[in-house]
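Okay, structure first, notes after.
The values are calculated or read from the model by the stated rules, or taken from the named source; none is laboratory data. Owing to the predicted nature of the structure, the values given are computational and were not obtained by experimental measurement. As a convention, Cβ positions derive from the backbone with ideal geometry for all residues, glycine included, and neighbour counts pool all protein chains shown. Side chains are part of the model used for accessible areas, which takes the heavy atoms of the whole protein and leaves out ligands, DNA and RNA. Shrake-Rupley method; radii C 1.70, N 1.55, O 1.52, S 1.80 Å.
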Amino acid sequence: MTDVYLVGVGGQGIITASRMIGQAALSAGKHVLLSETHGMAQRGGSVVCTARIGDLHSPLIPDGRADVILSFELLETLRALPKASRSTLVISSSERIVPVSVSTKRLKYPSVQDVRAAVEMVTEKLVIVDAPRLALQAGVPMSSNIVMVGALAGTGALGLARKHFEAALEAVIPRKIPENLRAFSAGFDSVKGLAENL
Amino acid sequence: MRTVLDPAPGTRILMLGNEAIARAALEAGVGVATTYPGTPASEIGDALAQVAGRAGIYFEYSTNEMVATEVAIGAAVSGVRALVSMKHVGLNVAADALLTFAYTGTKGGFVLVTADDPSCHSSQNEQDNRYYSLLGGLPLLEPSSPQECYEMTKEGFELSERLELPVLLRTTTRVSHVRGPVVVGELRAAPGKRGFVKDPGRFVTVPAVARERHLVLLKKLAEAEELAEASRFNRMDRAGSGGKRGIVTASAAYDYAMDAAEELGLPADVLKLGFSHPLPSKKVIDFLRSHDPVLVLEELEPIIETSIRALAQRTDTRVRILGKAEGLLPRSHELDQGIVERAMAEAFGLEQRPRPAAGTPPADLPVRPPVLCAGCPHSATYFAVNKATNRKAIFASDIGCYTLGVSPPYSTADLLVCMGSSIGTAGGLAKVNEQPVIAFIGDSTFFHAGIPGLINAVHQRHRFLLVILDNRTTAMTGHQPHPGSAHGPPGSEVVPISIEDLVKGCGVKWLRVVDPYDVKLTTETVKEALRQDQLAVIIARRECALIAPRDEHGAIIKKHYIDQEACKKCRTCVDRFQCPAIFSIDNVQSIDEALCAGCGVCAQVCPYGAIKGRER
């Protein structure tokens with residue numbers, strides 16, 4: 001049983017990413033449940049999705065029980081910490097989307113170091129992925145979400161073979177397949193060598 | 001899967017609960033499907049809209065849920081299977097039709113899907129629509145998973161035709177918006193036209209007919225209970241090795257119960273109710289007589305719990321029944337596995353095994369609520385209204401993206417209760433308050449519920465300003481069309497209705513149409529409207545930024561930037577106006593051009609001309 005808690009900002013393609021994970025699990029013969037935030041999310045609000053792989057009935061992940069937190073945005077990584085415990089693997093994009101509350105209330109947006117420090121108080125297993133840069137380098141600037149799924153696949157945390165993810169990618173986004181596979185590879189390769197330590 | 005028609009029969013597909021309902025309806029040979037969009041139901045209508053033409057069924061986005069239900073009733077009494085879908089509060093709108101339809105009954109199967117919203121993720125309340133089955137005498141089906149959404153929808157039509165009664169299918173967010181494996185079956189060809197058989201002694205509910213039909217309904221309910229007793233949707237499940245401890249549960253609560261029991265290592269028998277009204281009394285009594293204690297796990301209202309307690313009393317069944325009355329579960333908000341684990345641990349005297357501590361986020365983490373998008377015309381309208389009124393007005397608001405104006409810096413909402421309430425409440429507010437009153441309503445909401453309110457306001461000589469925020473779509477729920485739209489679902493032909501004509505037809509004499517992107521014009525028009533000694537209406541018309549046509553660079557007009565040399569740091573652009581593309585860090589205001597929609601409103605907002613359009 002593996003519980004993945006996906007967080008980020010509306011518009012980042014998190015639902016699509018959760019669908020890719022779900023489809024990968026399904027094609028590997030596993031039972032999976034995905035939950036999503038709809039409607040309000042596109043208006044730039046915080047988005048939460050879950051992907052629960054295994055013989056489960058309910059779609060939500062209790063506090064402290066996420067096996068993986070896959071975060072598409074730095075601030076949301078911090079907001080997700082109640083779902084983490086010392087055994088959680090946190091894979092966070094370094095992307096920053098500054099919420100209007102920072103501007104209007106003159107608040108501080110945390111730095112990458114702030115995020116690292118706060119996460120490491122809960123778990124040592126943290127990987128930060130520069131998804132926007134990797135997406136740009138792969139020549140597919142709007143594919144940060146695919147990069148992040150690639151990174152998740154690369155850690156091996158879900159115990160699913162790469163081919164299942166690649167098949168899922170084609171099934172869920174049936175266009176620009178070569179480009180998207182490049183973005184996926186970029187994320188996959190970026191965590192190479194880290195897998196043993198996680 | 002691009003559409004719900006794609007999956008081949010016998011395949012196992014990851015589907016949303018809502019998509020499963022749509023697919024099941026098509027497999028059941030539905031002929032007419034209607035809806036008004038609303039979270040968490042919207043995808044049911046959207047999935048059917050996408051394929052209606054190809055599937056040969058009739059689909060419409062109706063003006064509101066009442067009309068949607070009425071259209072479906074017209075088809076169903078003619079022998080054609082019909083499906084209506086809506087969110088929970090939508091059933092309040094449709095209830096007048098549905099409740100009397102239970103009296104006349106139906107010929108063709110009729111399934112009404114109500115998608116409830118425990119925890120009000122996207123709603124103004126979290127009412128528990130199972131009560132409608134009690135109020136109306138309607139069979140109630142409650143799926144716990146996408147696979148059950150599929151099965152119960154299909155069987156719902158059979159059940160409806162067997163009893164000649166409308167059937168209520170009730171989901172919640174954590175069923176409708178969960179994606180899970182569904183095994184699909186054969187699609188059925190859509191039915192052709194039928195012949196309506198006249199029977200006014202049944203279908204015209206004058207008092208004499210109504211009195212008789214109520215008796216018919218009560219008889220049908222007795223028959224429905226027998227069907228519930230025999231239904232495979234009411235079944236005994238086992239947590240672990242099962243045992244004397246009993247759990248009665250339904251809907252999403254069942255899902256949490258099974259996972260919680262697994263986590264606690266709790267052996268218990270679980271009575272899962274899927275066809276939950278009428279309650280299968282015999283099955284329940286048998287369960288009560290063979291288990292102790294019995295924990296009732298349900299979300300929101302103690303409907304099952306109360307029925308079971310009454311049943312135990314009536315049958316002299318002595319058993320400890322535990323539930324919300326003992327404070328084990330709340331009557332508000334959604335459940336989750338943690339809440340249910342604690343309830344079970346307390347009810348059955350179990351230890352919860354210690355778990356590694358959960359993290360906590362740093363204090364004062366900046367919040368990230370939903371906000372109006374970059375380029376949203378409502379931002380411009382609200383800025384102009386605040387400028388024109390100096391914030392000295394009472395704002396009656398309504399339901400849509402524009403409700404987000406309640407937050408600072410606009411704070412342009414003081415009262416909101418339901419779809420269309422802006423216009424009605426504005427009349428009451430204006431009668432008893434000195435301050436000017438401004439009502440905001442969206443285009444889709446106006447068609448849905450605003451017209452009777454507007455007619456009333458004209459007729460009763462209410463004096464306020466109505467601003468119709470016309471962004472040419474039903475935005476919040478996914479940009480569905482509405483009666484003002486030139487296009488309906490693919491393959492359909494529609495007639496767009498002019499809001500101006502409607503407003504004038506309601507008798508309004510003072511009407512202006514403005515483009516919110518013209519801040520000066522909008523501000524002046526609002527000032528002029530407030531000087532009128534009569535009801536005034538302004539249509540603020542500009543297409544939603546998310547669907548507005550874009551050039552290859554994604555900009556509507558041109559990207560903007562802040563000239564730091566000219567910027568006087570007055571912070572108007574972040575303190576009195578709000579755009580997700582404009583941000584302020586260490587009192588340096590700048591624009592993220594990747595997010596900029598190019599609307600140019602910020603350039604008009606800036607009092608110093610420091611915001612400029614970038615020439616490409």
Taking 0.36 nm per residue of separation between B:Glu186 and B:Tyr131 and subtracting their Cα-Cα distance, the length gained on full extension comes to 16.4 nm
When only the heavy atoms of the protein chains count and the probe is 1.4 Å, how do B:Cys570, B:Cys149 rank by accessible area, highest first?
-> B:Cys570, B:Cys149
So how much accessible surface do B and A hide from each other in total, probe 1.4 Å, in square angstrom to the nearest 100?
-> 4800 Å²
Sorted by chain and number, the residues with a modelled amide H under 5 Å from that of A:Val47, at a separation of 5 or more or across chains, are A:Gly8, A:Val9, A:Gly10
Once the other residues with Cβ under 12 Å from the Cβ of B:Ile13 are scored (Lys, Arg +1; Asp, Glu -1), what is the net sum?
-> +3
Over region B:359-477, with every protein chain in place, what whole percent of the accessible area is carbon and sulfur at 1.4 Å, could you tell me?
-> 56 percent
Heavy-atom SASA rank of A:Asp63, A:Asp3, B:Asp563, B:Asp199 (probe 1.4 Å, accessible area, largest first) | A:Asp63, B:Asp199, B:Asp563, A:Asp3
For region A:121-138, in order, what is each residue's ³J(HN,Hα) by Karplus, 6.51 cos²θ - 1.76 cosθ + 1.60 with θ = phi - 60°, in whole Hz (x at glycine and Pro)?
-> 6, 9, 9, 7, 8, 10, 10, 10, 10, 7, 4, x, 5, 5, 5, 4, 4, 6
Please name which of B:Val494, B:Val508, B:Cys544 has its Cα lying farthest along the dipole of region B:435-557 towards the positive end, using unit charges on Cβ (Lys, Arg +1; Asp, Glu -1) and the Cα centre as origin.
-> B:Val508
What is the packing order of peptides B:350-363, B:511-524, taking the mean over residues of other C-beta atoms within 10 Å and listing the highest first?
-> B:511-524, B:350-363
Could I have the simple spin-label model distance between B:Arg318 and B:Ile585, label points 7 Å from Cα toward Cβ, reported in nm to one decimal?
-> 7.1 nm
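Excluding B:Ile303 itself, calculate the net charge of residues whose Cβ lies under 13 Å from the Cβ of B:Ile303, where each Lys or Arg counts +1 and each Asp or Glu counts -1. Could you put the intermediate results ahead of the total?
Details: positive: B:Arg130, B:Arg170, B:Arg309, B:Lys324, B:Arg331; negative: B:Asp116, B:Asp128, B:Glu142, B:Glu298, B:Glu299, B:Glu301, B:Glu305.
So the surrounding residues net to -2.
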Starting from region B:121-222, pick out the GluC sites (Glu not before Pro) whose DSSP state is loop and whose Cβ has at most 10 other Cβ atoms within 10 Å.
-> B:Glu186
Efficiency of FRET from Cβ geometry, B:Glu351 and B:Lys504, R₀ 51 Å, rounded to 0.05 | 0.10
What nm distance separates the two modelled labels at A:His31 and B:Lys520, each placed 7 Å from Cα along Cα→Cβ?
-> 6.7 nm
Can you give the accessible area per residue of the protein assembly as shown, in Å², using a 1.4 Å probe?
-> 39 Å²
Measure off 7 Å from each Cα along the Cα-to-Cβ vector at A:Lys176 and A:Val112, then give the distance between these two points in nanometres to one decimal.
-> 2.4 nm
Gain upon complete extension [B:Arg531, B:Val513; 0.36 nm per residue less C-alpha separation] | 4.8 nm
Enter the mean number of other protein chain beta carbons within 10 Å of the beta carbon of each residue in A:43-50, as an integer.
-> 5
Size of chain B along its principal axes in angstrom, Cα-based, largest extent first?
-> 79, 68, 54
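Check every DSSP H run in chain B and write down those whose alpha carbon atoms cover 24 angstrom or more along the long axis and whose mean Kyte-Doolittle hydropathy is -1.0 or greater.
Answer set is B:207-230.
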Surface accessible to a 1.4 Å probe, B:Leu112 within the full protein complex, Å² = 0 Å²
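Just to verify a number: FRET efficiency for A:Ser94 and B:Leu99, C-beta to C-beta distance, R0 = 51 Å, to 0.05?
0.35
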Regarding region B:1-107, what are the three Cα extents along the principal axes, ordered largest first, in Å?
-> 40, 29, 21
Counted charge near A:Val32, where neighbours are those whose Cβ lies closer than 12 Å (Asp, Glu -1; Lys, Arg +1) | +3
Averaged over every viewing direction, what's the projected area of the C-alpha convex hull for region B:404-533? Give it in nm², one decimal, please.
-> 8.8 nm²
All Cα pairs of the protein assembly as shown, percent lying beyond 51 Å | 17 percent
Over chain B, what is the mean sequence separation of C-alpha contacts under 8 Å (at least six apart), divided by residue count, expressed as relative contact order in percent?
-> 11 percent
Mind checking A:72-79 for the average number of partner chain beta-carbons within 10 Å of each residue's beta-carbon?
-> 3
Normalise the Cα radius of gyration of region B:169-261 by 2.2 N^0.38 Å (N = residues in it) and let me know the number.
-> 1.69
Here FRET efficiency (C-beta to C-beta, B:Arg331 to B:Asp414, R₀ 25 Å, nearest 0.05) is 0.30
Could you rank B:Cys373, B:Cys418 by how accessible they are, 1.4 Å probe, largest area first?
-> B:Cys418, B:Cys373
Net charge dipole size for region B:453-559 [Lys, Arg +1 and Asp, Glu -1 on Cβ; Debye, nearest 20] | 400 debye
For region B:263-331, with all protein chains present and a 1.4 Å probe, just round the carbon and sulfur fraction of the accessible area to a whole percent.
-> 47 percent
q = 0.17, 0.21, 0.29 Å⁻¹: log10 I(q)/I(0) that the Debye formula gives for region A:38-102, counting C-alpha atoms only | -0.67, -0.96, -1.34
Rounded to the nearest 10 Å², what accessible area does B:Thr106 show when all protein chains are kept and the probe is 1.4 Å?
-> 0 Å²
Residue-span extension gain [B:Lys193 to B:Ala486] - 0.36 nm each, minus C-alpha spacing = 102.8 nm
Antiparallel content of DSSP bridges confined to the protein assembly as shown, in %, to 5 | 35 percent
Hey, got the dipole for the protein assembly as shown? About the Cα centre, +1 on K and R Cβ, -1 on D and E Cβ, debye to the nearest 20?
-> 980 debye
Let me have the 222 nm mean residue ellipticity of the protein assembly as shown computed from DSSP H runs of 4+ only, each contributing -39500 (n - 2.57), with the sum over all residues rounded to the nearest 500.
-> -11000 deg cm²/dmol
Nearby lysines by direct alpha-carbon distance to B:Lys272 (threshold 21 angstrom, same-chain neighbours under 8 apart not counted) = B:Lys154, B:Lys244, B:Lys282, B:Lys283, B:Lys324
Roughly how much of B:Arg12 is accessible, in Å² to the nearest 10, using a 1.4 Å probe?
-> 110 Å²
Could you work out, for region A:1-114, what percent of all Cα-Cα pairs fall into each 5 Å distance bin, beginning at 0 Å and stopping at the bin that holds the largest distance?
-> 2, 12, 21, 23, 19, 12, 6, 3, 1, 0
What is the average number of partner chain Cβ atoms found within 10 Å of a Cβ in B:185-192?
-> 0
Along the charge dipole of chain B, which of B:Pro483, B:Val4, B:Val89 sits closest to the positive end, that is, farthest toward it, with unit charges on the beta carbon of Lys, Arg, Asp and Glu (+1, +1, -1, -1)?
-> B:Pro483
